[in-house]
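In what follows, a single structure is set out as structure tokens and then discussed.
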Amino acid sequence: MASSSAGYVDVPLGNEAEQQQQQAPPSTGPVMRKQPSRLTSGMKRLASRVTSMRVPDSVLGLKRSHSSAQPALKGLRFLDKTSAGKDGWKSVEKRFDEMNVDGRVQQENFAKCIGMADSKEFAGEVFVAMARRRKIDPEQGLTKEQLKEFWEEMSDNNFDARLRIFFDMCDKNGDGKLTEDEVKEIIVLSASANKLAKLKKHAATYASLIMEELDPDARGYIEIWQLEKLLRQMVLAEGTPDQMDQASTSLAKTMVPSSHRSPMEKRMTQTVDFIHENWKRIWVLTLWVIVNIGLFIFKFVQYRNRAVFDVMGYCVCIAKGAAETTKLNMALILLPVCRNTLTSLRSTVLSSVVPFDDNINFHKVIALAISIGAGTHTIAHLTCDFPRLVSCPSDKFQEKLGPFFNNVQPTWGSLLASTPGWTGILLILIMSFSFTLATHSFRRNVVKLPSPLHHLAGFNAFWYAHHLLVFAYILLVMHSYFIFLTRQWYKRTGWMYLAVPVLFYASERATRRIREKNYGVSVIKAAIYPGNVLSLYMKKPASFKYKSGMYLFVKCPDVSPFEWHPFSITSAPGDDYLSVHIRTLGDWTTELRNVFGKACEAEVSSKKATLSRLETTVIAEGQGEETRFPKVFIDGPFGAPAQNYKKYDILLLIGLGIGATPFISILKDLLHNLKSSQEMQSIPDEESGGTFKSNGPSRAYFYWVTREQGSFEWFKGVMNEVAECDSDNAIEMHNYLTSVYEEGDARSALIAMVQSLQHAKNGVDIVSGSKIRTHFARPNWRKVYTDLANTHKNARIGVFYCGSPTLTKPLRDLAIEFSQTTTTRFHFHKENF
């Protein structure tokens, strides 16, 4: 590779024969294994391999046009696929035309222009390095031709070109050697680009580690060939992303059964599989729809044959049919939120035919039906029935409807002022208000309203608005009892529909009041972690029995004397305490974090607790009975999809951010079973893949995807415990940090290098601080499913997901696809609260 300017020295990138040997592509067969040992075996020998390949000073200056690492290394990218693709230059050129001043783009605009707007600092260093090599004054900026040269080199598929840019960026003085200070600077830069604040603070330590491994002779510098060798060894240890994708696609194609080879057979198989997967939902929804249609038709025909039809026509038939379905659904909508009842029923034979996991979804479907029914009823009355009633000829009115209105023909005013009139208006207002605030945009605070209307968005507004529905039920009973056209009390059926469901729901609320007094819990430890996560550890009441995957409700009178909020239980059933981890996302959780934050500081200052600080982590533990945290009350436990994890052969647990909480309890429970089995069995069952088969799944795969490095503090203890105790590789943990650029990107190359060396040296990941190695960017979910299908043929795999709804459909679709095209059956479950 020729030097572009004076002052730059080209160095050989390694012995050619050895490079040819290293060129053999790694195996692409899918391997599911335990993460803590992912690189250890290869990386512990890495430093010796690199440093043993010494290049004599006499051969400096040897030029080479092609890197032997190129077939294996597709990484070290500076631009994403969009910016470096076929039409990439057109986008860059367009931005240049918009941003140039006097035909030049300045250094401060280079990042946005070239397609690296989110890494301005990093792009600035690339700009300086490439300009220095071409003897371009950075202050003068770049012409379009010079910018195109930069873009072509940055997007060049030749690995040597990109490696040279990266090395030049590190080599500030252009002498062909990297000193420890230069390595430290680029680590700081990479840490900033990837939002790794903790790593940035320890940049000097990691720079020293690289120099220690690659410069054992203490010459004070490393050279470009050593950097290439290290990068190549990392790729060989991991397998390139392209190879992984090709293996995944190839495997998926070879596993397509014959029933999917013709379009008709494929559709038939998909239909059968869909029914098989959703038959519980199908029969429940079908029954519900049939009952609603039957009630509507019954009322429609009833009023079609009454005298009132001669005055109001089909409008009254439609209004009464819609009213009847609304009364039914106002009763049914209470049943899916009778959580104690549903939790009890989950353990009965009914759980095999009723989809209790979909209780909240069914609740929402019924709410939609209520909106349609109430809207239809109101529109039919206001636009058709009332006008016809008011304008009906007097003699016809007296003949047909006189007795129902005390022989006084109503007016618009009298109709609206009557008990059915004003109760109906209030009902529509309350229901519209409550249902609107229950929509995703309002409940999740997606919609942004101006002050003071901003209080209408958020969970608090949803919670209080929903409690207004108590008045809606009272108004509904009054509205349906004082109707005009029915005189017999037993035909006024509104209260009949509501009696049993309301009684059930009232008993649920009474149970909560009883538990509030009987479940005497006290907080024994509180911790505030990075990412604004509060964890509470409480004494477990003797009567509180639960399964892993369940959740409970928490109330803190110091925040609100009325509000209860659901949180997954993160302790295992075998623990002698209860724990929850709470992410501060709304008003209530923010205030809860604040009151416990003040309590933690107060306990420390009064010397009644111990305080530990880990970056922004604050932990306070009470040392005696006199130690006081804010009082909390709990209600539960309540059933959730994940509690049935033991019925599957294999587990795939996927948590996004705080969505990891329901699975931490499962991991702890599996770990307890593992320890018990190890104590009871001297010879583990190696063929089963684990030692807790008799108590549940034989293997568990946990994927935790988070945006913030500090999130790993939340459950670092659990991760380390799994790494230490799981000698049979029964639990496989995968951590992904999405704020870091994907493996192969130049902005994360040095981070990956340091991570590999540090993990090989002492088994600790520099990102999470645990023994579980962290991956960058997002998982390739298709590859995850492919590997599982290939590794566990004919197995039933329970896929449990908790996190953003945006990933729900892709994961469910993959579960359906791989269940249809392989011998493995994936059963997808989404956590709902």
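Quick look at the numbers
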{"quantity": "Largest-first principal axis extents of the Cα set of region 303-399 (Å)", "calculated": "64, 22, 17"}
{"quantity": "Amide H contacts under 5 Å for PHE78, placed H, 5+ residues apart", "calculated": "ALA746"}
{"quantity": "Karplus (6.51, -1.76, 1.60) ³J(HN,Hα), θ = phi - 60°, over region 789-797, in Hz, Gly and Pro reported as x", "calculated": "5, 6, 7, 10, 5, 6, 9, 9, 10"}
{"quantity": "Solvent-accessible area, 1.4 Å probe, carbon plus sulfur percent, for region 281-329", "calculated": "76 percent"}
{"quantity": "Cβ-Cβ FRET estimate between SER352 and ALA499, R0 fixed at 25 Å, reported to 0.05", "calculated": "0.30"}
{"quantity": "Accessible area of region 467-524 divided out per residue, in Å², using a probe of 1.4 angstrom", "calculated": "61 Å²"}
{"quantity": "³J(HN,Hα), Karplus 6.51/-1.76/1.60, whole Hz, each residue of region 697-705, x for Gly, Pro", "calculated": "x, 7, 8, 9, 10, 10, 10, 10, 10"}
{"quantity": "Point-charge dipole on Cβ atoms (K/R +1, D/E -1) for region 104-178, about Cα centre, debye to 20", "calculated": "120 debye"}
{"quantity": "Cross-link pairs LYS448/LYS598; LYS539/LYS598; LYS396/LYS491; LYS148/LYS783; LYS545/LYS716 - those with Cα-Cα distance over 28 Å", "calculated": "LYS448/LYS598; LYS148/LYS783"}
{"quantity": "Inter-centroid distance (Cα atoms) of region 530-582 relative to region 365-444, Å", "calculated": "45 Å"}
{"quantity": "Calculated from backbone phi, Karplus (6.51, -1.76, 1.60) coupling profile of region 444-461 in Hz, x at Gly/Pro", "calculated": "8, 6, 6, 6, 10, 9, x, 5, x, 5, 5, 5, 7, 9, x, 5, 4, 4"}
{"quantity": "TYR701 long-range amide H proximity, modeled H, under 5 Å", "calculated": "LEU651, LEU652, LEU653, GLU732"}
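The values are calculated or read from the model by the stated rules, or taken from the named source; none is laboratory data. Because the structure is a prediction, the values reported are computed rather than measured. Virtual Cβ from ideal backbone geometry, glycine too; neighbours counted across all protein chains shown. Side chains included, ligands, DNA and RNA excluded: accessible areas come from the protein's heavy atoms. Shrake-Rupley method; radii C 1.70, N 1.55, O 1.52, S 1.80 Å.
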